[in-house]
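What follows is a short report on a single structure.
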Amino acid sequence: MNKLHIALFSTLIILISCSFFTPQQAAQDKKKKMIVVGYAQNRKGGAYVVSIPDSIGYFVGDLSHWDEKILGKKVKVTGTLLVQHFEPLKPGEEERQMIVGTVRTLRKAKWELVK
């Protein structure tokens, strides 16, 4: 009976602690360092790189835009991956402009041109 109480108490603590994390905090816990090689693009949200060969897009952390000389060129970006998931509106919610889907950002990014 004592082991059962401990197991139930532990489960309760885990469930309570999970409810204190926002989706953004949960996404930040999944950070990992990575290298992306792809083509430089500018998007409304900032500098962007589309990876080769799988065409996955990543925002480049603190870079607001690529210089005209870099646009369309092949770059290598190294940074800490932050993956965020944004859910669509639920039925009955007021419409508003928002991001829906998965956003990948390379934070603390360093980049270089690839020849």
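The values are calculated or read from the model by the stated rules, or taken from the named source; none is laboratory data. Quick caveat, the model's predicted, so the values are computed rather than measured. Heads up, the Cβs are rebuilt from the backbone with ideal geometry, glycines too, and the neighbour counts pull from every protein chain shown.
A quick yes/no check of all residues on (1) out of contact with any Leu (no Cβ under 7 Å at 6 or more places or on another chain); (2) modelled with pLDDT of 95 or more; (3) closer than 19 Å to G101 by Cα; (4) surrounded by 15 or more Cβ atoms within 10 Å (Cβ to Cβ):
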{"position": "Q24", "(1), (2), (3), (4)": "yes, no, yes, no"}
{"position": "Q28", "(1), (2), (3), (4)": "no, no, yes, yes"}
{"position": "K31", "(1), (2), (3), (4)": "no, no, yes, no"}
{"position": "Y39", "(1), (2), (3), (4)": "yes, yes, no, yes"}
{"position": "G45", "(1), (2), (3), (4)": "yes, no, yes, no"}
{"position": "S55", "(1), (2), (3), (4)": "yes, no, yes, no"}
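Please find, within the stretch 70-115, the residue that is nearest to the chain's Cα centre (by Cα) out of those that are modelled with pLDDT of 85 or more and polar (S, T, N, Q). Restricting to residues being modelled with pLDDT of 85 or more and polar (S, T, N, Q), the top hit is T105.
Among the residues that make up the stretch 79-98, is at least one of them over 22 Å from K33 (Cβ atoms) and outside any loop (DSSP other than H, G, I, E, B)? Checked the stretch 79-98: at least one residue is over 22 Å from K33 (Cβ atoms) and outside any loop (DSSP other than H, G, I, E, B). Here F59 passes the criteria (1) among the aromatic types (F, W, Y); (2) assigned to a loop (DSSP other than H, G, I, E, B); (3) at pLDDT below 95 except the one numbered (2).
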